[in-house]
Amino acid sequence: MEFGIGIDASLGLTLAEQRALVGEARDAGYASAWTPSGPATRDGFQVCGQWAAQGLPVGISVIPAPLWTVPSLAQQAGSLHEISDGRFTLGLGTGGIYGAEYRSTYGLPEWPVVTMMREYLGALRGLLAGETVTLEGKVVRLRGLRVTGRPLTVPLYLAALGPQMLRLAGEVADGVCLNWTAPGMRAGVRETIARGADRRGRDPSAIRVTEYIRVCIDEDEAKARRAFVRALMPYALARAGASKDHGYRGHFRRMGFDAALTHIEERRDAGAPAGELLDLFPEELLREVGYYGKTAGAPAALARLSQGLDLAVVRIVGAQPGIDAARAVLRACAPGAV
């Protein structure tokens, strides 16, 4: 079991402060540093390039693939592979392409999601291997393209929640990026990955299972809880009129929290203030997917929450703005303590 640190733009830190945190994470025994990437955040490739100077392996978990072309991802990942001395990992996700509003925002067609990710991963792996790639797919169309000219061994991870994407990860990815899953789900996750690996004659134990574990530290537990739920809410609640079967909303439904979340959504749609909604989230859900509270409780909670993973990435949730709140999480969850 390894532990990484996860830092994102919601913490409001400068790049210099982020670099300092990565250096502190290295000194505290963390094995790697990770960041998400997307339109609402800093560019993950640039951020990881800044962090790489601190000597830790770095990774993007994850970037929304459909907002990029395969050649541009290959160029960025290949360059960062060299900048980081071969210590970069790229995690790919679907973004919100299953939703009509997301597709409309970015001018995307309604692609078949599993097919899209299969084609992205296959073409990207070929380009990074220095191959000349031709692919006439449903989503990716390339003809005689060569990008790197030499093999670059960039690990490619796939963000996965449901069984189809987990099986695909077993078939074609080097690792799986989970998110907001409970420890009790991990055995089933590995079984599903193994079924995909068996289809291609791959060793399922070679496919790394990773996950962001959100942690918010404050001696005022009520403050920590509010910050933690604010981080969870955009994932857990479906937008008005949107499907509750896809993406994270479908994921939480499979976890057994559909009734509780439906009640919160109804209160939201009726005009309930944000403070009331925060209080409605059931403790059972919150404690299944992360930790909030005092420093003393963090090591035991993280040990429990990371069961079944190869890499648990402590995703910092700040109880308040500033680097001190981020440091509180980093230090409370130091691998030596866990």
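Relative to the longest principal axis of the C-alpha atoms of the chain, give the angle of the C-alpha long axis of helix 258-269, reported between 0 and 90° and rounded to the nearest 10°.
80 degrees
So what is log10(I(q)/I(0)) for region 2-332 at q = 0.06, 0.07, 0.12, 0.16 1/Å, when the Debye sum runs over its Cα atoms only?
Scattering profile of region 2-332, log10 relative to I(0): -0.20, -0.28, -0.85, -1.53.
Take every Cα pair under 8 Å in the chain that's 6+ residues apart, average their separations, divide by the length, and report that relative contact order as a whole percent.
On the way: 637 pairs, mean separation 64.5, N = 338.
Result for the chain is 19 percent.
Evaluate the distance, in nm, between pseudo-label points positioned 7 Å from the Cα of residue 85 and of residue 135 along their respective Cα→Cβ axes.
In this crude label model, residue 85 to residue 135 measures out at 3.2 nm.
If we sort 274-280, 199-205, 234-240 on the protection proxy, mean other Cβ atoms within 10 Å, highest first, what's the order? Please report the intermediate quantities before stating the final value.
Details: 274-280: 13.3, 199-205: 11.6, 234-240: 15.1.
Going by the mean number of other Cβ atoms within 10 Å, highest first, we get 234-240, 274-280, 199-205.
What Kirkwood radius, in Å to one decimal, follows from the Cα pairs of region 200-334?
16.2 Å is the Kirkwood radius here.
Between residue 104 and residue 195, what length comes free when the chain is fully extended (0.36 nm per residue of separation minus the Cα-Cα distance, one decimal in nm)? Write out the running numbers ahead of the final one.
On the way: separation 91, 0.36 × 91 = 32.76 nm, distance 3.47 nm.
Here the segment from residue 104 to residue 195 would lengthen by 29.3 nm.
Full-extension gain between residue 17 and residue 243, please, as 0.36 nm times their residue separation minus the C-alpha to C-alpha distance.
77.5 nm
What is the packing order of peptides 55-64, 19-28, taking the mean over residues of other C-beta atoms within 10 Å and listing the highest first?
Order by mean packing, descending: 55-64, 19-28.
So what is the calculated 222 nm ellipticity per residue for the chain, using -39500 (n - 2.57) for each DSSP H run with n of 4 or more, over all residues, to the nearest 500 deg cm²/dmol?
-13500 deg cm²/dmol
When DSSP assigns beta bridges and you keep just the ones with both residues in the chain, what percent turn out antiparallel, to the nearest 5?
DSSP beta bridges in the chain are roughly 10 percent antiparallel.
Using the number of other C-beta atoms within 10 angstrom as an exposure proxy, rank 115, 210, 192 with the fewest first.
115, 192, 210
If you take every DSSP beta bridge whose two residues both sit in region 42-166, what share of them, in percent to the nearest 5, is antiparallel?
Numbers: 3 of 11 bridges.
Around 25 percent of the beta bridges assigned by DSSP in region 42-166 are antiparallel ones.
All of the numbers you see were taken from the coordinates with simple rules; none came from a lab. The structure presented is a predicted model; accordingly, all values stated were derived computationally and were not measured. Ideal geometry is used to build each Cβ from the backbone, glycine not excepted, and the neighbour counts take in all protein chains shown.
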